[in-house]
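Participant: Please read through the structure below; I'll follow up with questions.
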Amino acid sequence: MSTLTIQGLRVEVAGKEVLKGFDLSMASGEVHVIMGPNGSGKSTLAHALSGHPGYRVLEGSVVIDGVELLDLSPTERTRHGLFLALQHPMEVPGVRPVDLLVAAGAEREGLLERMRSEARRVELRPEVLERFVNVDLSGGERKRAEMVQLAVLQPKFAMLDEIDSGLDVDALGAVARRLQEATTEWNCGVLAITHFRRLLQELTPTMIHVVSEGRVVATGGPELAEILEKDGYEPFRIVQK
Amino acid sequence: MKNFTQSALAYIADHEDSPTRLEAWNTFSALGLPSTVDEVWRYAPLGDLDLDCFTVGAPSEAPALSAFAHELGERAGLVIRVVDGDLVDVAGSLEGVSVERSESTWSPKYASDAFAQLNCALSPATITVRVADATHVDQPIVILNTTRGDSSFPQMLITLGRSAQVSVVEYLDGGVDSLVVPLTEYDLADNSSLQVSTYQRLDATAWHVARSTGHLGRDARLRQAVISIGAHYNRSRNDVEFLAAGAENELRTTFLGSGHQVHDFRTHQFHRAGRTHSTLLSKGAVADESRSVYTGLIEIEKGAKRTDARQTNHNLLLSPHAHADSVPNLDIRENDVMCAHASSVGPLDELQRWYLESRGVTRRDAERLMIQGFFYEMLATLPPQLAEVVERDLGETLGHVEIVTP
């Protein structure tokens with residue numbers, strides 16, 4: 001059983017404070033969903049946690065099983081169990097997915113077969129994984145390819161930045177089912193960032209956190225998604241003093 | 001201190017049956033070594049070049065083959081061994097292919113090129129590989145070109161008859177503290193096709209000043225790859241003349257600079273006939289305090305209609321002390337043509353690296369993967385047995401250099 005605890009996280013992007021004291025705590029096997037309007041700081045959270053060079057942490061703490069991640073390099077953060085699936089996974093010309101995964105620590109033995117079978121689980125044509133990382137892949141294929149990486153690397157916690165944007169209904173279903181299965185397969189904790197409720201049709205949230213103005217303003221069970229669906233984010237908006 | 005001139009004149013006197021040698025030497029003496037004031041030599045560390053560090057002598061005995069040369073030779077149909085510029089052995093035989101050795105007559109063609117004149121004066125012989133008309137050779141021809149002595153001046157002609165087709169791999173090694181000045185011509189008759197890959201892996205102390213010229217007949221196709229890792233100063237000039245319609249040239253130059261190396265690439269694609277096509281891709285990385293320059297000229301003659309010429313040069317900076325220059329030039333005297341060039345100089349992409357790191361790849365491995373990726377498209381077109389070795393060598397060299405990125 002692992003825990004991920006984010007406390008008082010403040011992050012600056014291009015000189016502007018975007019996260020203003022973010023708190024969240026979760027355990028393995030749980031599914032936590034972060035919802036919020038554009039500009040509320042959802043993606044900033046994902047990028048800051050994985051050490052993106054453009055994001056500066058001002059204050060706070062992110063701990064997995066007693067290890068402070070913010071003291072670690074992006075590589076070490078991932079190796080300590082936090083994996084980020086991106087909204088716009090990057091093209092890396094000349095690098096093959098299999099070489100990336102081996103360098104990331106995956107067991108070489110039987111790797112190609114595992115990649116192919118994971119590809120099939122998210123309805124991705126396995127041949128796509130023979131291309132260079134994300135090169136000439138459609139938006140949907142890239143996200144499914146991120147799921148293949150996730151399944152091969154089996155991190156303690158998977159953070160998904162708008163994994164649902166740009167996916168059609170079938171793809172979304174496949175990705176959501178794969179994540180749900182991960183929670184039992186290797187007890188993966190899932191932290192999904194999304195705009196939309198439709199991800200939650202196949203992925204059962206343990207908790208939903210509503211984010212506004214860079215911090216969590218409401219936390220609750222799946223019923224929170226229904227309220228958001230009905231009333232939108234307006235009732236949760238923090239009035240700037 | 002050695003005396004280059006004395007040994008050169010002694011060598012020429014020993015070969016007095018060849019009248020053009022002294023002529024070439026005199027032309028060289030009149031020209032003198034180029035200086036960096038001369039635009040085409042402005043990046044060369046010519047101030048460090050002292051000919052009296054070298055002597056000219058009889059070719060050495062053939063050394064034992066290196067493991068790689070042996071491996072390369074094993075998969076070849078014909079292995080030609082050249083030591084200190086002279087032909088020492090031809091192993092194997094291929095139907096329709098002959099190898100000859102003759103006195104050089106090239107000097108008048110290179111009247112203004114001091115190093116070419118030096119080659120013409122001091123080269124033991126012109127080594128000609130001739131492929132007969134309509135001969136399709138399946139197995140590659142391998143040329144193992146070793147420098148054992150202080151200097152070597154290989155002169156090589158590869159000539160293809162009409163509709164002939166062959167792949168040649170040339171490998172240069174040796175060259176400790178020596179001056180290596182190869183002069184090469186590729187003559188392609190109508191409709192012939194030559195794939196030639198030259199891998200320069202000379203010792204890091206060598207001065208390498210190479211020049212090659214392709215002459216392409218109608219519908220002839222020259223696919224040329226030049227890969228350079230070795231030498232202290234590596235000059236590689238590769239020219240092509242498109243003599244008749246439909247001729248095609250693809251030239252790929254690849255280099256990796258480390259230490260204080262200078263890689264100096266020159267190209268001249270001279271389109272003298274219409275419907276000719278040149279594609280030029282130069283890709284290299286410079287590490288440590290090395291530098292590179294790529295200067296390419298595309299020249300299109302009036303009347304060479306529907307010529308298509310493209311030039312691309314990408315340089316990867318692996319250290320803030322490394323430097324790369326890219327100087328594309330166009331001289332177009334015809335309107336009905338397609339011509340394009342692109343170049344870039346920059347470090348590894350920080351976000352791509354972060355992406356790999358965020359998968360759990362270490363920074364060092366992420367950089368290694370990205371650099372290998374940068375070279376991938378260059379290796380993909382090489383004959384497989386050469387690509388494997390080049391990849392291994394690149395990896396080994398990269399293992400020694402400190403990669404410094406923003």
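Every number in this text was worked out from the coordinates using simple rules, so none of it is lab data. The structure displayed is predicted, hence computed values, not measured ones. All Cβ positions, even for glycine, are placed from backbone atoms using ideal geometry, and neighbour counts span all protein chains on display.
Participant: Give me the dipole magnitude in Debye, nearest 20, for the stretch B:258-379 about the Cα centre, with unit charges on the beta carbon: positive for Lys and Arg, negative for Asp and Glu. Walk me through the intermediate numbers first.
Facilitator: Numbers: 15 positive and 16 negative charges, 70 e Å.
Dipole size: approximately 340 debye.
Participant: While we're looking at this one, here's another question. Using the alpha-carbon centroid of each, what span in Å lies between the stretch A:161-200 and the stretch A:1-32?
Facilitator: When both Cα centres are located, 19 Å separates them.
Participant: In whole angstrom, how far apart do the alpha carbon centroids of the stretch A:201-219 and the stretch B:47-66 sit?
Facilitator: 74
Participant: Still on this structure: Under a 5 Å amide H to amide H cut-off, with H placed in plane at 1.01 Å, what residues pair with B:S193 once short-range neighbours are removed?
Facilitator: B:A164, B:Q165, B:V166, B:R221
Participant: Taking neighbour Cβ counts within 10 Å as the exposure measure, how do B:W354, A:W186 sort from fewest upward?
Facilitator: Result, fewest neighbours first: A:W186, B:W354.
Participant: In addition: Cut-off is 10 Å between beta-carbons; in what order do B:V262, B:V240 appear when sorted fewest neighbours first?
Facilitator: B:V262, B:V240
Participant: In the neighborhood of B:L318, defined by Cβ-to-Cβ distances under 9 Å, what is the net charge if each Lys or Arg adds +1 and each Asp or Glu adds -1?
Facilitator: Taking every Cβ under 9 Å from that of B:L318, the sum is -3.
Participant: Connecting C-alpha atoms closer than 10 Å in a GNM of chain B, tell me which of B:L251, B:L356, B:L144 has the biggest fluctuation.
Facilitator: Maximum among the listed residues: B:L356.
Participant: Tell me which lysines have Cα within less than 30 Å of B:K302's Cα, excluding those fewer than 8 residues away on the same chain?
Facilitator: Output for B:K302: B:K109.
Participant: Can you give the angle from 0 to 90° between the axis of helix A:111-121 and the longest principal axis of chain A, with both taken from C-alpha atoms, to the nearest 10?
Facilitator: 60
Participant: Now for a different question. Please list, ordered by chain and number, the residues whose modelled amide H lies under 5 Å from the amide H of B:A125; skip anything fewer than 5 residues away on the same chain.
Facilitator: Counting only residues 5 or more places away or on other chains, the set is B:Q155.
Participant: Let me ask something else. At 7 Å along Cα-to-Cβ for each site, give me the label-to-label distance between B:R75 and B:D138 in nm.
Facilitator: For B:R75 paired with B:D138, the spin-label model returns 1.6 nm.
Participant: Here is a further query. Count the net charge of all other residues whose Cβ sits under 12 Å from the Cβ of B:D203, scoring Lys and Arg as +1 and Asp and Glu as -1.
Facilitator: With Lys, Arg at +1 and Asp, Glu at -1, the net is 0.
Participant: Note down the net charge around B:S343, summing +1 for each Lys or Arg and -1 for each Asp or Glu among other residues with Cβ under 13 Å from its Cβ. Show your work: numbers first, answer last.
Facilitator: Details: positive: B:K283, B:R310; negative: B:D325.
Around B:S343, the charge tally is +1.
Participant: Between the stretch A:73-110 and the stretch B:116-195, how many Å separate their Cα centres?
Facilitator: The distance from the Cα centre of the stretch A:73-110 to that of the stretch B:116-195 comes to 45 Å.
Participant: When we measure straight from the Cα of A:K16, which lysines land under 30 angstrom away, once same-chain ones fewer than 8 places off are left out?
Facilitator: A:K42, A:K143, A:K241
Participant: Given H placed 1.01 Å from N in the peptide plane, which residues other than close sequence neighbours of B:E185 have an amide H under 5 Å from its amide H?
Facilitator: The list, which skips near neighbours in sequence, is B:M156, B:L157, B:I158, B:T213.
Participant: Counting other Cβ atoms within 10 Å, keep those with at most 10, restrict to DSSP loop, and tell me which trypsin sites (Lys or Arg not before Pro) in the stretch A:87-196 are left. Provide the component values of the computation, followed by the final result.
Facilitator: On the way: sites: A:R108, A:R114, A:R116, A:R120, A:R121, A:R131, A:R142, A:K143, A:R144, A:K156, A:R177, A:R178; in loops: A:R108, A:R131, A:K156.
Of the trypsin sites (Lys or Arg not before Pro), the ones in loops of the stretch A:87-196 whose Cβ has at most 10 other Cβ atoms within 10 Å are A:R108.
Participant: Roughly how many debye, to the nearest 20, is the charge dipole of the stretch B:4-348 about its Cα centre, given +1 on each Lys and Arg Cβ, -1 on each Asp and Glu Cβ, and no other charges?
Facilitator: Rounded to the nearest 20 debye, it is 1100 debye.
Participant: About the Cα centre of the protein assembly as shown, how large is the charge dipole given +1 on each Lys and Arg Cβ and -1 on each Asp and Glu Cβ? Please answer in debye to the nearest 20.
Facilitator: Using Cβ point charges on Lys, Arg, Asp and Glu, the protein assembly as shown gives about 1420 debye.
Participant: A further question on this structure: What does the average come to when, for each residue of peptide A:94-101, you count the partner chain Cβ atoms lying within 10 Å of its Cβ?
Facilitator: Mean number of neighbouring Cβ atoms from other chains: 6.
Participant: Right, another one. Before rounding to the nearest 500, sum -39500 (n - 2.57) across all DSSP H runs of length at least 4 in chain A and divide by the residue total; then give [θ] at 222 nm in deg cm²/dmol.
Facilitator: -9000 deg cm²/dmol
Participant: Sort B:T36, B:T279 so that the residue with the fewest other Cβ atoms within 10 Å of its own Cβ comes first and the one with the most comes last.
Facilitator: Ranking B:T36, B:T279 by Cβ neighbours within 10 Å, fewest first, gives B:T36, B:T279.
Participant: Roughly what % antiparallel, to the nearest 5, for the DSSP beta bridges in the protein assembly as shown?
Facilitator: 20
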